[in-house]
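Heads up, the thing below is written out as structure tokens.
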Number of protein chains: 2
Amino acid sequence: MQEFPDWLHSRAATVPERVALIAQDRQWTFSELDTEADRAARRLASLGVREGDHVATILKAGFTSAVLPHATLRLGATLVPLNTRLSEKELEWQIDDIDPRIVIRDEASLAAASEMDVDLRRAHPSTSVLAVIYTSGTTGHPKGAMLTVGNFWWSAIGSALNLGTRPRDRWLACLPLFHVGGLSILIRSAIYGITAVVHDGFDADAVNVAIENNEVSIVSVVAVMLQRMLDARPDSPYPPSLRCVLVGGGPVPRSLLDRCASLLIPVVQTYGLTETCSQIATISPEDAIRKLGSSGKPLYPNELRISHDAEILVRGPVVMKGYAGRPAETSSTIVDGWLHTGDAGSIDDDGFLFVLDRRDDLIITGGENVYPAEVEAALSSHPSVAEAGVVGARDAEWGQRVVAFVKLKDSTHADTPSLTAHCSLQLGSFKIPREFRFTEEPLPRTAAGKLRRSALREMLEGTNAGPE
Amino acid sequence: MQEFPDWLHSRAATVPERVALIAQDRQWTFSELDTEADRAARRLASLGVREGDHVATILKAGFTSAVLPHATLRLGATLVPLNTRLSEKELEWQIDDIDPRIVIRDEASLAAASEMDVDLRRAHPSTSVLAVIYTSGTTGHPKGAMLTVGNFWWSAIGSALNLGTRPRDRWLACLPLFHVGGLSILIRSAIYGITAVVHDGFDADAVNVAIENNEVSIVSVVAVMLQRMLDARPDSPYPPSLRCVLVGGGPVPRSLLDRCASLLIPVVQTYGLTETCSQIATISPEDAIRKLGSSGKPLYPNELRISHDAEILVRGPVVMKGYAGRPAETSSTIVDGWLHTGDAGSIDDDGFLFVLDRRDDLIITGGENVYPAEVEAALSSHPSVAEAGVVGARDAEWGQRVVAFVKLKDSTHADTPSLTAHCSLQLGSFKIPREFRFTEEPLPRTAAGKLRRSALREMLEGTNAGPE
């Protein structure tokens with residue numbers, strides 16, 4: 001396939017009356033959403049957007065941000081959804097980097113634009129860049145990953161061939177739509193002809209209501225969201241209409257997986273990156289319990305292997321076209337077709353992927369490798385620990401030493417000796433934190449809920465400032 | 001995608017323990033079936049099969065015929081499954097036409113062959129011919145439709161995006177595996193990672209048992225099979241595990257659709273041809289009742305239109321590569337990418353396809369078009385009629401006149417006046433048969449259960465022989 005007929009437009013032809021989008025207490029059928037996408041495209045055209053242009057947005061999750069990916073595609077333009085939580089300075093940097101035709105940060109002014117009578121595309125080349133998404137950039141400057149029409153298609157098909165797809169599915173997007181985890185739900189739902197339910201931000205109670213009362217069948221979350229969802233309700237199973245809780249964005253604490261298993265919550269772990277257009281490996285439903293903690297196997301037709309130094313490498317049609325305007329960084333990241341993820345992982349004898357950590361976060365202490373996620377999982381299994389983040393601090397003797405940031409649950413108590421004793425039951429001695437920092441603030445996280453260990457390292461350096 | 005990683009082999013890697021095949025009272029997991037496909041490929045190699053060869057088979061439906069499509073693919077060879085119901089003379093003609101390296105008509109001798117140590121392909125070019133399937137050839141000589149790896153892939157994906165796919169699906173193949181309707185179930189089940197249940201021939205009781213006791217969730221049938229399934233059991237719904245009865249192979253009598261609707265049987269009408277690798281249009285689940293009688297809309301990303309003279313034309317990645325060894329017939333059938341199906345149809349205002357008939361079967365009487373299927377449906381709604389077949393007889397006055405062959409149900413009665421009266425309630429006067437031929441034999445059908453109107457015409461001509 002060199003060209004894909006427009007997904008939303010095709011669904012408007014085949015299932016016009018099916019509900020395509022639920023957002024902001026309203027719903028739109030595929031026919032209605034298709035019409036709205038055309039109108040938005042004509043408005044963008046009247047604002048000067050043409051084929052090949054970048055359209056940057058700084059928008060909350062909702063109707064407008066759900067329509068725009070389809071609208072820009074129909075103009076042959078590329079959507080660049082920027083992170084609404086960035087500072088003005090950070091936004092300026094990214095806008096300067098991507099050089100968009102326009103920046104949309106106000107829904108009302110877009111809605112007020114006139115509609116220009118232009119020809120809209122009804123088919124899209126596989127290699128067209130549908131969106132540029134800036135990666136969180138745990139270190140260095142952010143980079144814009146160019147994700148093509150083909151990337152999104154193969155991501156959707158690979159997921160469908162693993163999790164299945166049902167005409168009555170409702171997939172809840174409570175991840176930001178400016179991240180690939182959220183945006184890919186919008187595109188996938190048009191490809192599948194299912195309903196995307198869009199929440200503006202994550203609210204545990206709102207998610208629980210959507211699952212319990214509004215027939216959400218699939219929800220994509222990161223571990224800390226799932227934790228909050230469970231904490232916000234009695235320990236009981238969700239209704240059977242919920243068939244999949246897709247958990248990505250980093251390792252999931254074993255204690256959380258065990259809790260879900262005991263509640264018969266259909267948790268499915270996945271591993272994905274912006275650069276692979278979301279999921280690249282996802283566990284199959286029947287292995288989710290048996291291989292608890294694994295992210296499964298690569299989605300068809302992608303390949304995955306571990307390099308000699310434990311890095312996860314990925315090849316296949318979901319791998320991004322490259323970083324916008326950065327040929328050097330693209331060619332050092334994608335080598336011979338293999339994307340170097342920067343994550344460390346292992347594959348067991350049955351072929352299951354276990355993601356260990358960001359390689360950048362790896363702590364080397366006395367020549368031993370310590371994966372922070374493993375230590376965080378041990379800490380999280382302590383009944384008093386609400387959140388834990390582990391990083392390496394420079395150490396004259398050991399090179400690095402393991403430091404844990406810990407936020408305790410309200411009205412509980414734990415101290416360094418008790419946490420050390422708890423860890424020693426689960427971890428080798430070199431992995432046990434040498435230092436605990438207790439905090440009453442939530443740990444720093446990205447908009448997607450991922451722990452920002454780089455921020456923890458900065459906090460360490462702020463207090464331990466000294467010569468390099 | 002230029003190349004597809006081997007579907008069965010990929011499933012053996014991702015879900016090795018899932019059941020891939022149930023046949024002949026045994027079952028095979030994906031891991032086991034993958035191993036068997038390798039063994040069969042090595043046996044074929046020892047029998048001389050090489051890349052590019054044709055492998056003809058004359059086999060009943062079962063383990064061997066289910067494994068061979070994967071085995072030939074791994075050698076870069078093409079399967080040519082021949083119709084087991086043909087006469088020796090007809091088989092000789094097709095074998096001579098396709099010139100295979102070997103003809104397999106004995107499972108035991110294949111199983112006894114030694115295994116040659118050859119390299120087996122683990123990925124297949126999209127344009128490789130997976131199978132050549134001879135079309136029934138209602139007129140003239142049969143032609144071998146070349147169906148590629150890409151044809152089967154897109155057929156499976158288009159169907160999944162319409163009907164959905166579930167990891168626990170079980171798809172029953174009671175259609176012959178030498179027809180595309182059966183073969184495509186085998187390939188699709190490997191792509192989806194679901195269980196194919198293979199019956200050797202259609203037996204209404206066996207199908208009912210498979211649905212009622214063995215969790216078959218989808219079954220592909222033609223109308224007459226469905227009729228027999230219902231006649232063989234009390235009028236009650238099937239269990240909810242049956243989510244789809246896919247009915248193709250020709251128009252479905254309205255009375256049968258109504259009966260299924262009243263029993264809440266999830267009938268989904270489809271339209272497909274050998275030349276489109278099975279389904280090209282299928283109704284979506286929510287429209288199956290509302291648009292009773294329609295075959296729905298084209299499956300993504302295929303296109304469908306009606307020519308100025310009512311012929312159904314099809315374009316898209318499911319359209320065959322061509323007829324083997326027949327470039328002239330290929331280029332008269334596929335014109336500018338559009339396959340001329342030879343079927344007559346219409347599309348209503350909502351975009352739903354209604355298949356009227358084979359254009360070859362169209363009866364023109366006094367300048368009026370009569371579609372036999374419409375008349376047959378009217379006759380079938382009479383309580384005494386078991387089967388009806390309608391054709392045109394040469395008529396000096398009207399050009400053609402409408403003749404009906406009728407088989408009555410046991411212990412019932414109906415005569416020409418009563419059937420004429422019945423038809424006149426439903427049909428315009430020019431459509432009412434001028435002549436009824438009552439028969440006690442079942443009407444002639446293809447192995448797939450399709451009515452063979454050409455045979456009825458021959459019966460007419462045998463009795464009405466006269467100068468052209």
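In region B:55-153, what GluC sites (Glu not before Pro) fall in a loop by DSSP, with at most 16 other Cβ atoms inside 10 Å?
Those satisfying the criteria are B:Glu115.
How far is helix B:30-46 tilted, in degrees, relative to the longest principal axis of the Cα atoms in chain B, given as a value from 0 to 90 rounded to the nearest 10?
Once rounded, the angle reads 80 degrees.
Give the aspartates and glutamates whose C-alpha is closer than 16 Å to that of B:Lys409, dropping any in the same chain fewer than 8 places away, or say none.
B:Lys409 reaches B:Asp231, B:Glu376, B:Glu387, B:Glu440, B:Glu441.
Between A:Arg101 and B:Asp410, what is the spin-label point distance in nm, taking each point 7 Å from the Cα along the Cα→C-beta axis?
7.3 nm
Per residue of region A:189-202, in order, report the coupling 6.51 cos²θ - 1.76 cosθ + 1.60 (Karplus, θ = phi - 60°) as ³J(HN,Hα) in whole Hz, putting x for Gly and Pro.
5, 5, 5, 6, x, 10, 8, 9, 10, 10, 9, 7, x, 8
If each label sits 7 angstrom from Cα along the C-beta direction, how far apart, in nm, is B:Gly52 from its counterparts in the other copies?
So the label point of B:Gly52 gives 4.4 nm to the other copies.
Which distances, shortest first and in nm, link A:His340 to the matching position in the other copies, using label points set 7 Å out along Cα to C-beta?
5.8
Kindly identify region A:3-356 as rounded, prolate or oblate by the Cα gyration tensor criterion: order the square roots of the eigenvalues as a ≥ b ≥ c, call it rounded if a/c is under 1.5, otherwise compare a/b with b/c, prolate if a/b is larger, else oblate.
Note, shape of region A:3-356 comes out oblate.
Please give the Cα centre distance for region B:399-468 versus region A:91-152, rounded to the nearest Å.
64 Å
Over 39 Å apart: what share of the alpha carbon pairs of the protein assembly as shown falls there, rounded to a whole percent?
In whole percent, the long-distance tail amounts to 48.
So, how do all the Cα-to-Cα distances of region A:112-197 break down into 10 Å bins, in percent, from 0 on up?
Taking all Cα pairs of region A:112-197, the binned fractions are 15, 38, 34, 12, 1 percent.
Loop-only GluC sites (Glu not before Pro) in region B:1-58, please: DSSP not H, G, I, E or B, and at most 14 other Cβ atoms within 10 Å.
Answer by residue number: B:Glu17, B:Glu51.
Fewest to most neighbouring Cβ within 10 Å: what's the order for B:His308, A:His124?
B:His308, A:His124
Over the protein assembly as shown, what is the percentage of antiparallel beta bridges among all DSSP beta bridges, to the nearest 5?
Restricted to the protein assembly as shown, the bridges split so that about 60 percent are antiparallel.
Inter-copy label distances at A:Ala108, 7 Å along the Cα→beta-carbon direction, one decimal in nm, shortest first?
Sorted ascending, the copy-to-copy spacings read 8.6 nm.
So in chain A, what percent of DSSP beta bridges are antiparallel if you round to the nearest 5?
Counting only bridges with both partners in chain A, antiparallel ones make up about 60 percent.
For the protein assembly as shown, what is the mean residue ellipticity at 222 nm derived from helices alone (per DSSP H run of n ≥ 4: -39500 (n - 2.57); sum divided by total residues; nearest 500 deg cm²/dmol)?
Calculated at 222 nm, the ellipticity per residue is -9500 deg cm²/dmol.
To make sure I understand the rule: partners must be lysines, Cα under 18 Å from the Cα of B:Lys89, and not fewer than 8 residues away in the same chain. Which ones qualify?
B:Lys143
Would you grab the residues whose amide H sits under 5 Å from the one on A:His124? Only those 5+ places off in sequence or on another chain, please, with H modelled 1.01 Å from N.
A:Phe4, A:Asp6
No value in this document is a laboratory result; all are computed from the given coordinates. Keep in mind the model is a prediction, meaning the values are calculated, not measured. Glycine also receives a Cβ, built like all others from the backbone with ideal geometry; neighbour counts cover every protein chain displayed.
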